[in-house]
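A.B. asks: Please find one structure pasted underneath; my questions will follow.
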Amino acid sequence: MPDEGFIPGTGNYHALLSYQKSLIIYDGTVIFCRRFMNKLDRTYDQMIQAARSGKRNIIEGSKASLTSSETEIKLTNVARASLEEDYKDYLRSGKLKLWGRDGKEAVFTRDLSRKPGGIREKMYDARKNYIQHSRCSPKSQK
């Protein structure tokens with residue numbers, strides 16, 4: 001297989017790790033919102049929409065990569081920023097702990113994808129399982 005470089009210009013977003021992770025983020029956001037938020041709260045819809053938009057921006061960026069790597073990078077960065085800010089807002093307003101980059105929770109979730117034989121499907125299933133069965137709740141982190 002020839003070296004495709006940093007950003008392969010194929011428009012095949014399914015092969016992108018960023019897209020695969022955006023699926024985890026979207027599913028996790030939906031599970032999180034259903035579990036910890038009031039459906040009538042505007043933030044509930046905003047967070048789910050941001051996760052959907054993040055995934056969509058990665059798709060659009062990948063398709064744009066056929067003509068412009070710059071556009072792809074910009075759309076991917078927009079996706080990341082919108083997802084990140086909603087979670088930070090939720091944590092801040094609920095006076096909850098933000099995991100540090102090297103905190104045990106963050107390291108654990110990142111390591112799920114680094115296990116030997118950790119193919120992407122396993123990574124997705126492991127993270128989805130962790131999100132669904134996590135015992136953390138907003139009340140336990142105050």
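The values are calculated or read from the model by the stated rules, or taken from the named source; none is laboratory data. Keep in mind that what you see is a predicted model, and the values were worked out from it rather than measured. Heads up, the Cβs are rebuilt from the backbone with ideal geometry, glycines too, and the neighbour counts pull from every protein chain shown.
A.B. asks: Hey, among the residues in the stretch 63-78 that are within 19 Å of the chain's Cα centre (by Cα) and in contact (Cβ under 8 Å) with a residue 60 or more places away in the chain, which one's nearest to Asn12 (Cα to Cα)?
C.D. replies: Glu72
A.B. asks: Where in the stretch 33-142 are there helices (runs of 4 or more DSSP H), lying fully within it, with 3 or more residues that are exposed (fewer than 15 other Cβ atoms within 10 Å of the Cβ) and either at pLDDT 75 or above or in contact with an Asp or Glu (Cβ under 6 Å, 6 or more places away or on another chain) (or both)?
C.D. replies: Answer list for the stretch 33-142: 42-64, 69-93, 104-111.
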